[in-house]
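Below is one structure, written out as structure tokens; the observations come after it.
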Amino acid sequence: MANENTSNRGGQGGGRGFAGMDEARQREIASQGGRAAHESGHAHEFSSAEAREAGRKGGEAVSQNRGHMSAIGQKGGEAVSENREHMADIGRKGGEHSHGGSRAGSASSRGSIGGQPVEAGKQSRKNT
């Protein structure tokens, strides 16, 4: 019979060594190592300047991946656009700015179509 451990790899348990342990046990051991390093003074503790610089470098590296940045923006846009009230507010503010603010208070330019009041998000536009 073949060795049963050979087909069970990748951190699923049953393998050899650290990689063969379940994730909870790996975390426990890593945590103990971190505590020991801090107690002995060997752990590096970032100053706020070092942390800021590391974050800046990481941000630069991530922002070079245009596909990743596009996906982030798309997710954010989808999440925000689900909030109908928020989107209506954005639309109102945009409309106010596009009219130069001079007619912002008049009933004929805001919130009505042909003299009829319109609820936010319910403007009469045909989908083409």
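Here, each number is a calculation from the coordinates, and none is a lab measurement. Keep in mind it's a predicted model, so treat the numbers as computed, not measured. Glycine gets a Cβ as well: all are built from the backbone with ideal geometry, and neighbour counts include every protein chain shown.
Assorted remarks:
- Charged neighbours of Ile72, selected by a Cβ distance under 13 Å, balance to +1 (K, R count +1; D, E count -1).
- Chain lengthening between Arg16 and Lys75 when straightened (0.36 nm per residue, less Cα-Cα): 17.2 nm
- Prolate/oblate/rounded label for the range 47-97 (Cα gyration tensor, a/c 1.5): prolate
- Considering only Ser47, Gly95, Val62, the residue lying farthest towards the positive end of the dipole of the range 47-97 is Val62, judged by Cα position with unit charges set on Cβ.
- If only the Cβ of Lys and Arg carry +1 and only the Cβ of Asp and Glu carry -1, the dipole of the range 47-97 around its Cα centre is close to 120 debye.
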